[in-house]
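Single-structure report; data block below.
The values are calculated or read from the model by the stated rules, or taken from the named source; none is laboratory data. Since the structure is predicted, the reported quantities are computational estimates derived from the model, not experimental observations. Reconstructed Cβ throughout: ideal geometry from the backbone, glycine too, with neighbour counts over all protein chains shown. Surface areas here come from the heavy atoms of the whole protein model, side chains and all, with no ligands, DNA or RNA. Shrake-Rupley method; radii C 1.70, N 1.55, O 1.52, S 1.80 Å.
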Amino acid sequence: MTHRSPSARDPASVELACEFGPLRLQSPILAASGCFAYGQQFAAFTDLRALGGISTKGISPLPRHGNPLPRICETAGGMLNSIGLENVGVEAFLRDKLPFLRELGVSVWVNFFGTDFPTYIDCARSLGNVPGIDVLELNISCPNIKHGGIEFGTVPEVAHRLTRACVEVSAAPIVVKLTPNAADNVAMADAVRQAGAMGVSLINTITGMAIDVRRRRPRIATAYGGLSGPAIKPIALRMVHQVATRFPDLPICGMGGILSGEDALEFLMAGARCVQVGTANFAEPGACPRITRELRALMAELDIARTADAVGGLHPWPPEAEMHDR
C-alpha cells in the first residue's frame, strides 16, 4: 500500500491545465519539434489527445531532403543528430499534415525556419494566417547562408530584426526557439521579446561531435551535430532559470533531457510555463503521457494544486530559516 504524507493531495485534484501567454493548454507537457514528426506516426503507439500540444518538425517554404547518412548516433546520456531539417515543405504540410493535427484537440505549434530573411518571412506569412495553428515556433538556430553561415540566433540585433519581420506578417503568436550556442541567452531573449515574440523555447540542441576511433571518422556524416537528451538538462535548466529570473513575465517553454515527471517539475520550478519532451520519444513513444502522469502524482505528493503554483517556485539557497539558525 502507498502511503501519502498528511499534506499530500489526491492526484485527481491536481489542475494541470496552464496558461502560456494567451493560450490555455490542457497540460504543460508537449511533444518537442523534430522528435515527434507530425504526430501521425505516433498515433498507433500513444494517446495523442493526452498531450498538452505538439510542436511539429521544422517546416520550410520548400521541401528538404536533409543531410546524408549516417546522421544520428547515441552518446553517453544523449543522442547526436544532424538530420538537416528534413521536411515536406509548407504546401504539403498544410494539405497533408495539419488536418490531422487540428482534429486532436491539443495545442498545435508549428516550428518553422528559412535560410535567409525572405524565406523566413515567406514561411511565417504562409503558416501564420491559417486556422488551426496556435503558435509559430521560430527556429533561429539555422545558419544564415548569406552572411557566412552565422546562426540567426547568436546575434541579438539580427534575431530582433528577424523576429519583428515574422511577427508583422503572422496572425499566430510567435515563440522563438533559442539556441544554447549563443554567448548570452538573456540578451537573446530580450531581443526577441522586444521584437514582439509572445514567448521563447529553451533550449535547442548543443553542437557536439562523436568519433569512431576504429574507423577514424566522425560517427555522423556532417561531423558535427546537435546533442540532446539527459546530458544537456543541467544546461537547459540553468538557461531557463536565467531568462525567467530576468524576465518573469515572458512565457518560457522549457526543454532538454526531460525523461520523468520530476524532470518536468524541475523546469517548471526554474520558471518555465510548460515543457517539451523530445529525445525520450525515440525510445518510448508513450513517454509524454507517462511523464504527465508522473508529474501529476509528484505534484499531489508535494501538495502543489496547480501547474501555475509550481512555475518559478524555486526557493533561494540557503533557505532563510537556515540563515537565521547560524
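Only one of the numbered conditions (1) under 23 Å from VAL311 (Cα atoms); (2) open to solvent by 40 Å² or more (accessible area, probe 1.4 Å); (3) of a type in the set (D, E, K, R) is violated by LYS233, and that is (2). Within the set ARG95, ARG49, ARG64, the sole residue that is free of Cβ contacts under 8 Å to residues at least 40 places away in the same chain, among the charged types (D, E, K, R) and more than 25 Å from LEU227 (Cα to Cα) turns out to be ARG95. All conditions but one from (1) within 19 Å of GLU137 (Cα to Cα); (2) in a helix (DSSP H, G or I); (3) more than 15 Å from the chain's Cα centre (by Cα) apply to ASP249; the one that does not is (2). Within the stretch 149-190, the set of residues being open to solvent by 10 Å² or more (accessible area, probe 1.4 Å), assigned to a helix (DSSP H, G or I) and aliphatic (A, V, I, L, M) comprises VAL158, ALA165, VAL167, VAL169, VAL186, ALA187.
Within the stretch 222-231, can one find any residue that is closer than 25 Å to ASP263 by Cβ, touching a residue at least 12 places away in the same chain (Cβ under 8 Å), hydrophobic (A, V, I, L, M, F, W, C) and part of a helix (DSSP H, G or I)? Looking for residues that are closer than 25 Å to ASP263 by Cβ, touching a residue at least 12 places away in the same chain (Cβ under 8 Å), hydrophobic (A, V, I, L, M, F, W, C) and part of a helix (DSSP H, G or I), one finds at least one in the stretch 222-231, hence yes.
Just one of (1) within 27 Å of ARG219 (Cβ to Cβ); (2) open to solvent by less than 60 Å² (accessible area, probe 1.4 Å); (3) among the small types (Gly, Ala, Ser); (4) touching a helix residue (DSSP H, G or I) at 6+ places or on another chain (Cβ under 9 Å) fails for ALA76. It is (2). Taking each residue of the stretch 74-89 that is of a type in the set (Asp, Glu) and looking for partners that are in a strand (DSSP E or B) with beta-carbon atoms closer than 7 Å, six or more apart or interchain, yields GLU86/ARG64. For the residues ARG246, ARG214, the requirement of being without any contact (Cβ under 8 Å) to a residue 40 or more places away in the chain, open to solvent by 50 Å² or more (accessible area, probe 1.4 Å) and out of contact with any Cys (no Cβ under 6 Å at 6 or more places or on another chain) singles out ARG214. Please go through the stretch 96-147 and give me each residue that is touching an Asp or Glu at 6+ places or on another chain (Cβ under 8 Å), assigned to a loop (DSSP other than H, G, I, E, B) and farther than 15 Å from THR163 by Cβ, ordered by number. Within the stretch 96-147, ILE145, LYS146 meet the criteria. Taken together, the residues in the stretch 79-95 that are more than 27 Å from ALA210 (Cα to Cα), in contact with a strand residue (DSSP E or B) (Cβ under 8 Å, 6 or more places away or on another chain) and either open to solvent by 50 Å² or more (accessible area, probe 1.4 Å) or in a helix (DSSP H, G or I) (or both) amount to 2. Take the residues in the stretch 265-311 that are part of a helix (DSSP H, G or I) and among the basic types (Lys, Arg), then tell me which one is most open to solvent (accessible area, probe 1.4 Å). Per the criteria, the residue is ARG293.
When GLN41 is tested against the conditions (1) free of Cβ contacts under 8 Å to residues at least 40 places away in the same chain; (2) open to solvent by less than 50 Å² (accessible area, probe 1.4 Å); (3) among the polar types (S, T, N, Q), the lone failure is (2). When LEU314 is tested against (1) at pLDDT 95 or above; (2) in contact with a helix residue (DSSP H, G or I) (Cβ under 6 Å, 6 or more places away or on another chain); (3) surrounded by fewer than 19 Cβ atoms within 10 Å (Cβ to Cβ), only condition (1) is not met.
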